[in-house]
Amino acid sequence: MVRRTKKGAIKRMKDNKRLQEILRVEPCLWSVVNDAAIQLRSRTYRRIRTYLALRNRVIPLVGWHAEREELRTSDHYQVVIDTIVDLLPPDEADLWPEGRPEV
């Protein structure tokens, strides 16, 4: 199993030329991507809830409903969504599907 880290996700985000171009065209996406990058895991953190909130912020900015015509493709949308998914840390349900082990 490959261990994915926040540091690695941030490096992949910075190295992604396509994402960087999308962020240049639509700077409002920076706040969404940044919110994913700074998200930390805690007992109350829910990955799916956080993902859905970030995805809803992305919808008017990139993809079929984007304000800017040059970003109205599913490919642009997927690049941003994949980045958010990569940046979000796992939550307790991801780490311990059967429940947190007792210590």
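Readers should treat all values here as calculations from the given coordinates under stated rules, not as data from a laboratory. Please read these numbers as outputs of a predicted model, since none were measured by experiment. Backbone-built Cβ (ideal geometry, glycine too); neighbour counts: all protein chains shown.
Mind listing which GluC sites (Glu not before Pro) in the stretch 26-94 are in a DSSP loop and have 15 or fewer other Cβ atoms within 10 Å?
Numbers: sites: Glu67, Glu69, Glu70, Glu92; in loops: Glu67.
Counting only loop positions with at most 15 other Cβ atoms within 10 Å, the GluC sites (Glu not before Pro) in the stretch 26-94 are Glu67.
About its Cα centre, the stretch 6-93 has a charge dipole of approximately 440 debye under the convention of +1 per Lys or Arg Cβ and -1 per Asp or Glu Cβ, with nothing else charged.
Partners of Lys11 within straight-line reach, counting aspartates and glutamates whose Cα lies under 15 Å from its Cα and excluding those fewer than 8 residues away in the same chain: Asp82, Asp86. Based on DSSP H segments of at least four residues, each scored -39500 (n - 2.57), the chain has a per-residue ellipticity at 222 nm of -16500 deg cm²/dmol.
Sites listed here are trypsin sites (Lys or Arg not before Pro) in the stretch 1-82 whose DSSP assignment is loop and whose Cβ has at most 15 other Cβ atoms within 10 Å: Arg3, Arg4, Arg41, Arg43, Arg46, Arg68, Arg72. Using only alpha-carbon positions in the chain, the gyration tensor eigenvalues give semi-axes of 28, 15, 11 Å once each is multiplied by 5 and square-rooted (largest first).
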